Amino acid sequence: MAKTLKIDQRLNSDFFPVGVATSSFQIEGGREGREASIWDTFCTKPGAVKDGSDGAIACDHISKWREDVDLVASLGFDAYRFSVSWPRVIKACGSVNQDGLAFYVALLNGLKERGLKAYVTLYHWDLPEYLEEQGGWLNRQTASEFAEYVDVVSKAFSGLVDCYATLNEPFCSAYLGYELGVHAPGKVGKQYGKKAAHNLLLAHGMAMQVLRRNAPDVTSGIVLNFTPYYAASLSENDQTAAKLAHDHHNDWYVRPVLAGCYPDILASLPEEERPEVHEGDLALISAPIDYLGVNYYTRSFVKECSQDYFDILPPAKGKPVSAMGWEIFPNALRDLLLQLHRDYDLPPVQITENGMACDDALINGEVDDPVRVQYLQDHMNAVAEAMEAGVNVTAYFVWSLLDNFEWAEGYLKRFGIVYVDYDTQQRVPKQSALALKQWLTRRKCV
Ligand code: GCO
């Protein structure tokens, strides 16, 4: 019997869409139907992906998408958040892959037929390899290429989309992909991270102009991930280090979008670490958005560091953690939303990703994941507390529908509310899915 979710009334209204999220490279497979992405290339690098896997098949969503959207509908969700694979839509020669575009149009029609709202992310990290060969996000031209791709897609999807996100987590694309090198394309160096970040934010600004032209009535914005940083001690140096971590990893993305400027630390950066900002860039990047997407998983503690700007610590022993080793701390989500509410003239906020990886096991045809059930309940109620305090949160999405390709972790980490047997591609709803179904079905009846 599924555990009964006790969710605050504020999330119970049917004016508050509750959805579930995925992304193209993580679930689609269908590699033969598209151009290579930087993640296809990255997966071939020895040691880049922990289990040596790739996204060639993934969850075979490209052929099982009808079953998957039936799942979304049968679980009682109001909305489905997915991303479009740029290399599946635009060929290296620049022409449109009509079959690739047709896949997404069929998916969107399938959602409409099932009464599901479509939340479409236009970039979830799978940059076409042919653009990386010309510099990728270190090349300002890539932002213009993105705008052209968005023009094709937003025209083809006319009337089928309820909400667009230009980018998902530019921090991960820029910092993990071009500075730390632990994500595709695997570049390493402080001289790359913020340059890539600027061209990503520029791509967001250019894409918003296209969406305002092609989809003026569709809610459009950007999805940013946030890790709240807490000082490891009351020492002034640790407090300073925590603020620096926030400025470099969180504020570096939300401040240009909502306030039209980079954090003050820009002036203190060595020249080679600074972005190349052209006249008018920040005005374009900070053009009004209809919502801010917030992805939240965990918080981190930070202490001073003599060799770098700051040192992010693993969770202290005894703290509850997910299978990713991320601390489970719902109040940090509430406090993050309150801080954003204090720091910015916030547009409506959507929680576009929230969830956890568990060491899920399929036993006698069932997957019991009580920790994930508790996690979802506690985080949704943390959102409700922030709403009580005045934060305008307008949607909540669980990450993720299916166990899927978890980037550098490959298939070793299971974030889904639905278990995927990768040998058979069988889907099995976990107890968390059944608990959500019970709550979502009940809330539709009130
Ligand atoms: C992200 C990405 C997802 C991840 C999820 C778990 O937020 O990092 O949007 O693709 O799979 O967050 O790490």
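A few notes on this one:
- Applying 0.36 nm per residue to the separation of residue 261 and residue 317 and subtracting their alpha-carbon distance, the gain on full extension is 16.3 nm.
- For the chain, the relative contact order is 19 percent, taking Cα pairs closer than 8 Å that sit 6 or more residues apart in sequence and dividing their mean separation by the residue count.
- Modelled this way, with points 7 Å down the Cα-to-C-beta line, the labels at residue 344 and residue 44 are 3.8 nm from one another.
- Residue by residue, the stretch 242-247 carries 3J(HN,Hα) couplings of 5, 5, 5, 4, 4, 5 Hz when phi is fed to the Karplus relation 6.51 cos²θ - 1.76 cosθ + 1.60 (θ = phi - 60°); x denotes Gly or Pro.
- Taking the stretch 106-264 and dividing mean pair separation by its residue count, relative contact order in percent (alpha carbons under 8 Å, at least six apart): 22 percent
- Residues in the stretch 148-164 carry Karplus couplings, in order, of 5, 5, 5, 5, 4, 5, 5, 6, 5, 8, 3, x, 10, 10, 8, 7, 10 Hz; the curve used is 6.51 cos²θ - 1.76 cosθ + 1.60 with θ = phi - 60°, and Gly or Pro positions show x.
- Only DSSP H runs of four or more residues enter the estimate; each adds -39500 (n - 2.57), and after division by the residues of the chain the mean residue ellipticity at 222 nm equals -11000 deg cm²/dmol.
- Fully extending the segment from residue 324 to residue 57 would add 93.8 nm, taking 0.36 nm per residue of separation and subtracting the current Cα-Cα distance.
- Cα→Cβ-extended label distance, 7 Å offset, between residue 182 and residue 148, nm: 3.5 nm
- Cα gyration tensor, the chain - rounded (a/c under 1.5), prolate or oblate: rounded
- With at most 11 other Cβ atoms within 10 Å, longest stretch of the chain clear of loop trypsin sites (Lys or Arg not before Pro) (DSSP): 7-316
Computed from the coordinates by the stated procedures, all read-outs in this text should not be read as laboratory data. These numbers come from a predicted model, not from an experiment. Cβ coordinates were reconstructed from backbone atoms using ideal geometry, including for glycine residues, and neighbour counts include every protein chain displayed.
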